[in-house]
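One structure, as structure tokens, below. Some questions next.
The values are calculated or read from the model by the stated rules, or taken from the named source; none is laboratory data. Remember, predicted model here, so these are calculated numbers, not experimental data. Note: ideal-geometry Cβ built from the backbone for every residue, glycine included; neighbour counts use all protein chains shown.
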Amino acid sequence: MAVAKSSVGKSKRKNAVLPYLYLLPAFLIMGVITFYPLIYQVIISFTNFESKHLLLGLKSPELEFIGIKNYIDIFTAALPVENFNFFRVLEFNFWWALSNVMLHVPAGVLIAVLLNTEGLWFKRLYRAAYILPVVVPPLVVATVWTNIFDERYGAMNQLLTTLSMTFFGGTEPVYIRWFEDVTPPIPGFLPGAPLTLAYYAMMIANFWLGWPFMSVVATGALQSIPKDLYEAASIDGATGSQQFWGITVPLLRPAMIPAAVYGFTLSFNLFNFVFFMTGGGPARSTELLVTFAYNLVRNLRWYGVAAAFAVIIFGVALVVFLITNRITRATQNYQEA
Amino acid sequence: MTTQNQTKNSIVRFLNINTSGQTGGRNLPLWRQLLLQLIAIAILASVMFPIMYVVTLSFSSKTTRPSSLELFPKEISFVAYQQVLDKPTGNPVTFIELLRNSFMLSMGVGMAALAIAVTAAYAFSRFKFAMREVLMVLVFIPLLMPAVGLSTPLYLLLNQVQVKECKDGATAIQPFTTCEDGSKGKLQFNLRDSLFGVGIAMTASALPFAVWNLKGYLDTIPRELEEAAAIDGADANQTFWQIVIPLAIPQLAVTFFLGFIGHWQEFVLTWLFLSQPKDYTLAMTLYNMTGQYANAIPWNRFAAMAVIVALPVAIVYIALQRNIVGGLTTGSVKG
């Protein structure tokens with residue numbers, strides 16, 4: 001250990017080198033498995049890279065540099081792919097992440113508040129049960145919900161049939177084609193990107209998956225709010241809802257904002273879930289940027305286009321990261337905190 | 001926003017929820033208690049609905065698809081579990097192999113990411129140095145690039161490492177040595193088509209989260225301890241190994257476990273890279289049992305598989321719940 005042996009006189013220089021030594025392993029590894037592929041990806045995004053070039057890579061003699069054609073093709077929907085429009089997918093992707101977080105956070109907070117009510121019976125039972133969706137891997141959740149929304153044998157249509165027959169006197173079994181129907185049930189809800197039934201099915205499944213985590217975070221934060229605040233507020237005559245908006249919400253905010261940001265980025269790239277539930281269908285209406293990128297690589301095998309697409313995703317994610325980083329200040333260091 | 005606030009307001013007022021969790025106590029009025037119980041039970045029902053559905057299916061011996069909704073098992077049959085354990089898919093791979101592959105992959109990636117991330121997290125948490133912000137952004141780059149975005153170059157890169165048996169009986173390790181007779185040789189091992197190679201590729205996406213999660217925790221460890229150690233004559237390395245690491249063990253465990261769960265369900269890279277059934281993982285098998293490939297799979301078998309994939313993760317998660325949630329929030333709640 002050269003560093004340990006260095007004399008006191010060199011200690012200043014030693015301290016200047018030390019952090020880089022600590023960073024060395026991570027950057028060595030990342031150099032090979034992250035930065036090299038990243039640069040490679042940028043290079044082939046300007047080529048017509050296809051399956052036949054896989055053997056020789058960049059050394060392939062017939063590999064052509066075609067400039068920004070791949071990018072133009074993606075943006076102008078000139079790819080020979082049915083139902084693909086980059087900006088519609090982008091809009092849907094943002095809406096998907098945003099609409100999820102907008103539902104999960106308030107629901108999580110309200111349910112946490114409900115369970116925090118003093119004197120509520122079976123509180124521990126509820127807390128234990130409500131955590132279950134968090135502990136099941138999303139992949140399993142997606143596959144199970146795929147079967148629940150199965151149009152012929154799925155539990156959702158069966159549940160709706162039972163409800164309609166018992167309460168509304170229905171005679172016909174409910175038969176909703178959750179993953180097939182391409183007509184949006186609420187036309188014009190999101191201008192430019194029609195939301196099909198598959199979107200609502202995914203929202204239901206992801207709501208089941210998403211709110212409990214928010215509730216767990218909110219519960220932790222609720223329990224750290226000093227109780228004297230509420231006592232003082234009630235002495236001053238504040239009502240329940242005044243206390244909720246004046247004390248609970250502001251004090252939950254520092255915990256909920258990072259959780260919401262985390263939820264947003266998670267939903268934004270929720271590959272496993274979306275891919276296992278709808279595969280992006282029907283008619284690519286639930287396609288996210290990541291699932292389309294996967295299709296380009298796995299099914300269409302247009303590696304050049306896929307690379308350009310990956311670079312675009314990177315750009316989009318960078319913008320999202322810079323904005324959310326502003327919000328959470330994740331890169332703030334110890335001294336500045 | 002205002003309308004949303006108003007609706008929430010009215011909900012709070014309507015339920016008269018006491019957000020403080022303080023007063024009221026035993027004298028929560030009965031009607032309100034019953035109302036809250038009703039809501040809590042409704043939520044409970046919605047939470048339990050898919051779980052009961054899949055558990056009921058898994059205990060069924062019927063291979064036909066369910067014709068009506070059943071949420072409570074009418075019979076407890078382990079036929080489906082037995083079939084899944086005996087022969088999980090049409091591929092020549094046993095359940096034990098699938099389990100082992102999944103386990104080794106998640107374990108390896110979790111450990112590797114942790115080992116590499118911990119020193120980096122320490123550097124970011126404790127030192128001020130030139131380029132700090134830039135380097136930190138660089139570490140977070142893979143978060144911006146989903147695994148599939150780097151898959152092609154990683155495929156090509158890992159594909160170059162191959163072990164071949166030459167015609168003359170010698171072994172060539174590409175890209176370092178090639179067969180002397182210039183022949184292509186017989187492929188013995190391809191890093192790309194192996195769990196080890198996929199593990200390397202997966203580590204790329206596991207690192208940033210590990211660094212972020214550990215740094216957040218290290219930030220909360222008081223510096224006074226390290227300063228005291230320095231006064232006692234400990235150098236930076238001793239401080240790191242003997243003071244910081246022991247204090248960070250709970251968070252190391254949580255970070256490892258979150259990496260483990262995240263990659264327990266890894267699908268993209270395994271599906272793109274692995275071609276031999278003996279390397280398949282549980283997540284890949286589950287995909288084979290659902291969606292377009294699933295027409296021939298009885299749902300009771302699918303349900304049993306889903307329960308099996310979920311169970312190990314669920315059990316450990318529940319056991320470590322407190323630490324995980326605490327860990328996630330210390331990692332994020334700042335400023």
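Would you point out the residue of the stretch A:323-337, among those that are at the interface with chain B (Cβ under 9 Å from one of its Cβ atoms) and in a helix (DSSP H, G or I), that is modelled with the lowest pLDDT?
A:328
Here's a follow-up. Could you go through the stretch B:183-203 and let me know if any residue there is modelled with pLDDT under 85 and over 21 Å from residue A:54 (Cα atoms).
Taking every residue of the stretch B:183-203 in turn, none turns out to be modelled with pLDDT under 85 and over 21 Å from residue A:54 (Cα atoms).
What number of residues within the stretch B:247-292 are at the interface with another protein chain (Cβ under 10 Å from one of its Cβ atoms), out of contact with any Phe, Trp or Tyr (no Cβ under 9 Å at 6 or more places or on another chain) and surrounded by fewer than 21 Cβ atoms within 10 Å (Cβ to Cβ)?
1
Now, a different point. Mind checking which residues of the stretch A:44-53 are more than 28 Å from the chain's Cα centre (by Cα) and within 25 Å of residue B:141 (Cβ to Cβ)?
A:46, A:47, A:49
Can you name every residue in the stretch A:250-288 that is more than 30 Å from residue B:268 (Cα to Cα) and without any contact (Cβ under 8 Å) to a residue 24 or more places away in the chain?
Correct list: A:250, A:253.
Filtering the stretch B:116-131 down to residues that are more than 8 Å from chain A (Cβ to nearest Cβ) and either crowded, with 20+ Cβ neighbours inside 10 Å or under 23 Å from residue B:313 (Cα atoms) (or both), which residue is farthest from the chain's Cα centre (by Cα)?
For the stretch B:116-131, the residue satisfying everything is B:121.
Anything in the stretch A:233-259 that is small (Gly, Ala, Ser) and farther than 15 Å from residue A:112 by Cα? List them, or say none.
Here is the first cut: in the stretch A:233-259, the ones small (Gly, Ala, Ser) are A:233-234, A:237-238, A:240-241, A:246, A:255, A:259.
Across the stretch A:233-259, the qualifying residues are A:233, A:234, A:237, A:238, A:240, A:241, A:246.
Taking into account only those residues within the stretch B:44-83 that are of a type in the set (Val, Ile, Thr) and more than 14 Å from chain A (Cβ to nearest Cβ), which is nearest to residue B:271 (Cα to Cα)? Walk me through it before giving the result.
Pass one, the stretch B:44-83, residues of a type in the set (Val, Ile, Thr): B:47, B:51, B:54-56, B:63-64, B:76, B:79.
Cutting the leftovers down to more than 14 Å from chain A (Cβ to nearest Cβ) gives us B:76, B:79.
Numbers: B:76: 34, B:79: 29 Å.
Among residues in the stretch B:44-83 that are of a type in the set (Val, Ile, Thr) and more than 14 Å from chain A (Cβ to nearest Cβ), the one nearest to residue B:271 (Cα to Cα) is B:79.
Shifting gears a bit: Scan the stretch A:166-189 for residues that are over 24 Å from residue A:145 (Cβ atoms) and polar (S, T, N, Q) and report the count.
Matching residues across the stretch A:166-189 total 1.
Take the residues in the stretch B:152-190 that are touching a residue at least 24 places away in the same chain (Cβ under 8 Å) and of a type in the set (Val, Ile, Thr), then tell me which one is nearest to residue B:200 (Cα to Cα).
Step by step, filter the stretch B:152-190, then rank; the result is B:161.
Where residues in the stretch A:29-53 are in contact with a helix residue (DSSP H, G or I) (Cβ under 9 Å, 6 or more places away or on another chain) and closer than 30 Å to residue B:238 by Cα, which of them is surrounded by the most Cβ atoms within 10 Å (Cβ to Cβ)?
Here is the first cut: in the stretch A:29-53, the ones in contact with a helix residue (DSSP H, G or I) (Cβ under 9 Å, 6 or more places away or on another chain) are A:29-30, A:32-51, A:53.
If we keep only those that are closer than 30 Å to residue B:238 by Cα too, we end up with A:29-30, A:32.
Details: A:29: 20, A:30: 23, A:32: 14.
The extreme case among them is A:30.
Additional query: Looking at the stretch A:1-50, which of the residues that are hydroxyl-bearing (Ser, Thr, Tyr) and at pLDDT 85 or above is farthest from residue B:122 (Cα to Cα)?
Filtering first and then ranking leaves A:47.
Mind listing just one residue for me: the one in the stretch A:258-276 that is among the aliphatic types (A, V, I, L, M) and within 9 Å of chain B (Cβ to nearest Cβ) and, of those, farthest from residue A:193 (Cα to Cα)?
Among those residues, the one meeting the criterion is A:259.
Here's something else I'd like to know. Residue by residue through the stretch B:134-182, note down the ones that are among the polar types (S, T, N, Q) and either modelled with pLDDT of 80 or more or over 19 Å from residue A:57 (Cβ atoms) (or both).
B:151, B:152, B:159, B:160, B:162, B:171, B:177
Run down A:97, A:112, A:107, A:129 and say which single residue is of a type outside the set (Val, Ile, Thr), out of contact with any Lys or Arg (no Cβ under 9 Å at 6 or more places or on another chain) and free of Cβ contacts under 8 Å to residues at least 24 places away in the same chain.
A:129
A quick yes/no check of all residues on (1) within 21 Å of residue B:263 (Cβ to Cβ); (2) out of contact with any strand residue (DSSP E or B) (no Cβ under 6 Å at 6 or more places or on another chain); (3) within 11 Å of chain A (Cβ to nearest Cβ); (4) surrounded by fewer than 22 Cβ atoms within 10 Å (Cβ to Cβ):
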site: B:161; (1), (2), (3), (4): no, yes, no, yes
site: B:166; (1), (2), (3), (4): no, no, no, yes
site: B:173; (1), (2), (3), (4): no, no, no, yes
site: B:189; (1), (2), (3), (4): no, no, no, yes
site: B:204; (1), (2), (3), (4): yes, yes, yes, no
site: B:210; (1), (2), (3), (4): yes, yes, yes, no
site: B:231; (1), (2), (3), (4): no, yes, no, yes
site: B:234; (1), (2), (3), (4): no, yes, yes, yes
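Only residues that are over 14 Å from residue A:36 (Cα atoms), β-branched (Val, Ile, Thr) and either over 33 Å from the mean Cα position of the chain (by Cα) or in a helix (DSSP H, G or I) (or both): list them for the stretch B:152-172, please. I'd like the intermediate steps shown before the answer.
Step one: filter the stretch B:152-172 for residues over 14 Å from residue A:36 (Cα atoms), giving B:159-172.
Of the ones still in play, those that are also β-branched (Val, Ile, Thr) are B:161, B:163, B:171.
Result: B:171, single match.
Give just the number: which of (1) within 14 Å of chain B (Cβ to nearest Cβ); (2) over 22 Å from the mean Cα position of the chain (by Cα) does residue A:66 not satisfy?
For residue A:66, the exception is condition (1).
Here is a further query. Quick test of your reading of the structure: residue A:281 fulfils all but one of (1) within 7 Å of another protein chain (Cβ to nearest Cβ); (2) of a type outside the set (Ser, Thr, Tyr); (3) in a loop (DSSP other than H, G, I, E, B). Name the failing condition by number.
Every listed condition holds for residue A:281 apart from (1).
Using beta carbons and a limit of 9 Å, which pairs, at least six apart or on different chains, have the first residue in the stretch A:298-323 and of a type in the set (Asp, Glu) and buried (at least 23 other Cβ atoms within 10 Å of the Cβ) and the second one part of a helix (DSSP H, G or I) and modelled with pLDDT under 85?
none
How many residues are under 27 Å from residue A:257 (Cβ atoms) and over 19 Å from the mean Cα position of the chain (by Cα) if we restrict to the stretch A:132-157?
The qualifying residues number 1.
Moving to a separate point now. Look through the stretch A:212-246, keep the residues that are outside any helix (DSSP H, G or I) and of a type in the set (Ser, Thr, Tyr), and return whichever of them is modelled with the lowest pLDDT.
A:224
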